[in-house]
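As structure tokens, the structure follows; a few thoughts come after it.
The values are calculated or read from the model by the stated rules, or taken from the named source; none is laboratory data. Because the structure is a prediction, the values reported are computed rather than measured. We place every Cβ from the backbone using ideal geometry, glycine too, and count neighbours over all the protein chains shown.
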Amino acid sequence: MISDIATLVEVIHDTTQQTRNRGMSSPSPIVTTATKECESVTQKPLPLSAKSAYFTLLLFGVVASPAAGLQGENLIRNPSVEVANPDDPEVPQYWFHASSGNNSHTFTYDTDGYKSPRSIKVNVSDYSSGFVFWSPYSVRVTGGRFYTFSAHVKGDVEAQTLIRNEWSLGTGYYGGGDTYSLKRAIPAGDWTKYTETFFVPAGVESVRIFFGVDAEGTFSSDNFSLVDTPYTTNPNRTPMVTIMADDVWLNFKSNAIPIMDQHGFKSTFYINTNAIGGTGMMTTQDLRYLREHGHEMAAHAVHHVNLRTLDIDSLHREIADSVAYLNQVLIGDDFVHSFATPLGGHNKVVDTALREHDFNGLGQSTFGSNRNTEGFFNYPENFQPLNVRTFMMKDTVTDAQFRDLLILARDHGLWLTLTYHQVKPITRPSGSTTTSTDQFRSQMQMISNLGIRVVTVSEGLKRFAKGE
Ligand SMILES: [Zn+2]
């Protein structure tokens, strides 16, 4: 499953159908207003018209910075938000704000900045769903390179950073899109710096950054930066690829495993235990078979729910019951010690619960890792066991893009984890997390051709621990 929040900002036509395809619980029609490259157009959110389960997300003009920029140049215009929009003094120039879901919120173009007079703020109350964010206008980038986003942040609620890759600038952008989260920003009472490096796949012409809040509280930000970042690497480090399979889809076993077997690849399964044995899902026998053939079993909670939304007892039950079930039924004399949060939903409370959980039931921590839905590569300098980064596979990933990812991993000694869901024949890419059997075959062949080592999550963790 992909992040529910990420889904909100994907701009898709046939939203209801696609939503069903993704197994979301509520349809989310998304309204997009795309204004073609015209900086003088006032970009002001329209009133939300949809109600209840219907999310409305209004995205405005596609106005990119004029060039991809020189190395080290800050690509965000009006990065300290000091200049007001001449047509709307309540908003900084080249910035806009928008929201989705059910919540009460205010946006403030504040007069309390980081080492400067102005900053931007959101305040959210009565939160039940959605995302409330500020966003600079699209930034033109060069695909196939790393970029570092940073900002100074302050407040009492964690913030989410979403990056949307835009493959074709100024078209209003339908299809081929890809939105994913970077690590969350955890503010304090005074200004602190948030920084994160991410990879822009080849073919992407511009990126959009959404920086905001998906819970109740106040969040201020200022002093933004996006710079092209040459990644310096240790050439002695071994590149690795991990094939992750989420949500116990039977068609992964039927269609993907025979292809992996041809290459001798092993995967890590993230299992939401209540789905086992359901229609189109694997049974305990299927999982035991895979376990006996060298595939790794890891936990993905009991129910496929956002753990951030649960009370503390339910949160602990989701972790403990899924881990205990796998330990008893599947693992045998080994223990499960890795986890993936459903929908990527996590915060400090979830992170702490995972880190402190007694994974083997023996009173000693064997916590290995947690994977959310935040991208892209892992390498020792950025590695966080509580937030293993991943690339969410979709049917829109082309062979060329996939090959670029592999080559980056190979040339820079990175650990690339690929999160798959269903693998089955499809006729037309729709942006869903299903991968066609033909695509999957081609992807495994590319990994094999490039000679990149395929490891389970446990093997990857061990190699990182040994500094390999
Ligand atoms: Zn899932």
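Remark: Pro380 falls outside the filter, which requires a residue to be in contact with a strand residue (DSSP E or B) (Cβ under 7 Å, 6 or more places away or on another chain), assigned to a loop (DSSP other than H, G, I, E, B), under 24 Å from Thr238 (Cα atoms) and away from the ligand (no atom under 16 Å from the Cβ).
Here Gly363 passes the criteria (1) among the small types (Gly, Ala, Ser); (2) without any contact (Cβ under 8 Å) to a residue 24 or more places away in the chain; (3) under 27 Å from Gly451 (Cα atoms) except the one numbered (3).
For Asp228, the test of being on the phi > 0 side of the Ramachandran plot and crowded, with 18+ Cβ neighbours inside 10 Å is failed.
Only a single item in (1) in contact with a Phe, Trp or Tyr (Cβ under 8 Å, 6 or more places away or on another chain); (2) modelled with pLDDT of 95 or more is not met by Tyr231, and it is number (2).
Of all residues in the range 368-382 being modelled with pLDDT of 85 or more and farther than 22 Å from Thr179 by Cβ, which is surrounded by the most Cβ atoms within 10 Å (Cβ to Cβ)? Selected residue: Ser369. Filtered by the rule that a residue be within 16 Å of the ligand (Cβ to nearest atom) and on the phi < 0 side of the Ramachandran plot, the range 337-349 gives Ser338, Phe339, Ala340, Thr341, Pro342, Gly345, His346. One residue stands out in the range 350-377 among those that are aliphatic (A, V, I, L, M) and within 16 Å of the ligand (Cβ to nearest atom): the one that is farthest from the chain's Cα centre (by Cα), namely Leu354.
When Thr279 is tested against (1) in contact (Cβ under 8 Å) with a residue 40 or more places away in the chain; (2) of a type outside the set (A, V, I, L, M, F, W, C); (3) part of a loop (DSSP other than H, G, I, E, B), just one condition goes unmet, and that condition is (1). The condition of being in contact with a strand residue (DSSP E or B) (Cβ under 6 Å, 6 or more places away or on another chain), at pLDDT 90 or above, at negative phi and within 16 Å of the ligand (Cβ to nearest atom) holds for only one of Thr433, Thr390, Thr456, that being Thr390. Of all the residues in the range 282-312, those that are of a type in the set (Ser, Thr, Tyr), more than 25 Å from the chain's Cα centre (by Cα) and assigned to a helix (DSSP H, G or I) number 2. Among the residues of the range 373-412, those that are among the β-branched types (Val, Ile, Thr) and touching a helix residue (DSSP H, G or I) at 6+ places or on another chain (Cβ under 8 Å) comprise Thr373, Val388, Val397, Ile407. Condition test on Asp334, is it part of a loop (DSSP other than H, G, I, E, B) and either surrounded by fewer than 16 Cβ atoms within 10 Å (Cβ to Cβ) or modelled with pLDDT of 95 or more (or both)? Judged against the criteria, Asp334 is a match.
Taking the stated definitions as given, is Asp311 at pLDDT 95 or above, surrounded by fewer than 22 Cβ atoms within 10 Å (Cβ to Cβ) and on the phi < 0 side of the Ramachandran plot? Spelling it out, Asp311 is indeed at pLDDT 95 or above, surrounded by fewer than 22 Cβ atoms within 10 Å (Cβ to Cβ) and on the phi < 0 side of the Ramachandran plot.
Regarding the range 241-249, can at least one residue be identified that is over 30 Å from Tyr147 (Cβ atoms), within 16 Å of the ligand (Cβ to nearest atom) and either assigned to a strand (DSSP E or B) or not acidic (Asp, Glu) (or both)? Checking the range 241-249: at least one residue is over 30 Å from Tyr147 (Cβ atoms), within 16 Å of the ligand (Cβ to nearest atom) and either assigned to a strand (DSSP E or B) or not acidic (Asp, Glu) (or both).
Within the range 415-429, is there a residue that is of a type in the set (Phe, Trp, Tyr) and in a helix (DSSP H, G or I)? No, there is no match, as no residue in the range 415-429 is of a type in the set (Phe, Trp, Tyr) and in a helix (DSSP H, G or I). When the range 289-333 is filtered for residues that are of a type in the set (Gly, Ala, Ser) and more than 16 Å from the ligand (Cβ to nearest atom), the ones remaining, listed by number, are Gly294, Ser314, Ala320, Ala324, Gly332. Looking only at residues in the range 258-276 that are touching a helix residue (DSSP H, G or I) at 6+ places or on another chain (Cβ under 7 Å) and outside any helix (DSSP H, G or I), the one that is farthest from the ligand (Cβ to nearest atom) is Phe265.
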